[in-house]
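Read the structure below first, then the notes.
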Amino acid sequence: MKEILKGYSAKEKGWLIREGTFIEEDNKIGIKLETGHNVVIREKCVIGDNVRIWANAVIDYGCTIGNNVKIHCNCYVGQFTTIDDDVFFAPGVVTLNDLHPGCKYSASCMHGPTIEQGVQIGGNSTILPHVKIGRGSLIGGGSVITKDIPPNSVAYGNPARVIASVFGLRCKTGLTNKPYSEDSWYP
């Protein structure tokens, strides 16, 4: 475990790093990082405070992850992806970064998607390069995001389409009338 965290003061930062996790040097990581087993965090990432990355997830190099982010099991965050504060990735979410794999110029235009604050992404969704998912949006499980999604949208499908506003959703369980109101949704 000491070799994995070489160059980091895990105890002082309040990290909980589980067995099999590998964190490259040359990252900037905030307080209270928590990982599941077998997480890989590549180099040149900036990761905020209170981030949870669960089992078998990979954060590739050059990513930026905000505060209070939860990345569930078996997720792949491709190089140069930006994830803002308060984002949730359900199991199996994948972000991609290469518009033209195999092209001799692909490295010049390589860039992951931008996931804005408060976005929640359902399991086994794939987000293509250069796409922006607007603040507070909900993405249904199994979706393929091929183009930008406006803020506070509900989108799903392959390719994902905007179906509604999060503010128009109603709770089917009866626990609340509006699960996402403009007053209670992300700041």
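What are the ³J(HN,Hα) couplings of segment 168-174, residue after residue, when phi is run through the Karplus curve with 6.51, -1.76, 1.60 and θ = phi - 60°? Round to Hz, x for glycine and proline.
Along segment 168-174, the couplings run x, 6, 10, 6, 7, 8, x Hz.
Just to confirm a number: summing +1 for Lys and Arg and -1 for Asp and Glu over residues other than Ile145 whose beta-carbon lies under 12 angstrom from that of Ile145, what do you get? Don't skip to the end; give the middle numbers.
Values: positive: Lys132, Lys147, Arg161; negative: Asp148.
The answer is +2.
Once you have all Cα-Cα distances for the chain, histogram them in 5 Å bins from zero and send the whole-percent values.
Taking all Cα pairs of the chain, the binned fractions are 2, 8, 15, 21, 18, 14, 11, 6, 3, 1, 0 percent.
What 222 nm value per residue comes from the helices of the chain, counting each DSSP H run with n ≥ 4 as -39,500 (n - 2.57) and dividing by all residues, nearest 500 deg cm²/dmol?
Calculated from helices alone, the mean residue ellipticity at 222 nm is -500 deg cm²/dmol.
What fraction of the DSSP beta bridges in the chain is antiparallel, stated in percent and rounded to the nearest 5?
Taking every DSSP beta bridge with both residues in the chain, the antiparallel ones total about 10 percent.
Just want to confirm a number: the relative contact order over segment 10-168, from Cα pairs under 8 angstrom separated by 6+ residues, in percent.
Relative CO of segment 10-168 lands at 12 percent.
Name the residues whose placed amide hydrogens come within less than 5 Å of the amide hydrogen of Ile163, ignoring near sequence neighbours (fewer than 5 apart) on the same chain.
Under 5 Å from the amide H of Ile163 lie the amide H atoms of Val154, Ala155, Tyr156, each far enough along the sequence or on another chain.
Count the lysine pairs in segment 10-168 whose Cα atoms sit under 17 Å apart, keeping only pairs 8 or more residues apart in sequence or on different chains.
Lysine pairs, 8 or more places apart or on different chains, close enough: 7.
Throughout, read-outs are computed from the coordinates displayed, never taken from laboratory work. These numbers come from a predicted model, not from an experiment. Methodologically, a virtual Cβ is constructed for each residue, glycine included, from the backbone with ideal geometry; neighbour enumeration extends over all protein chains shown.
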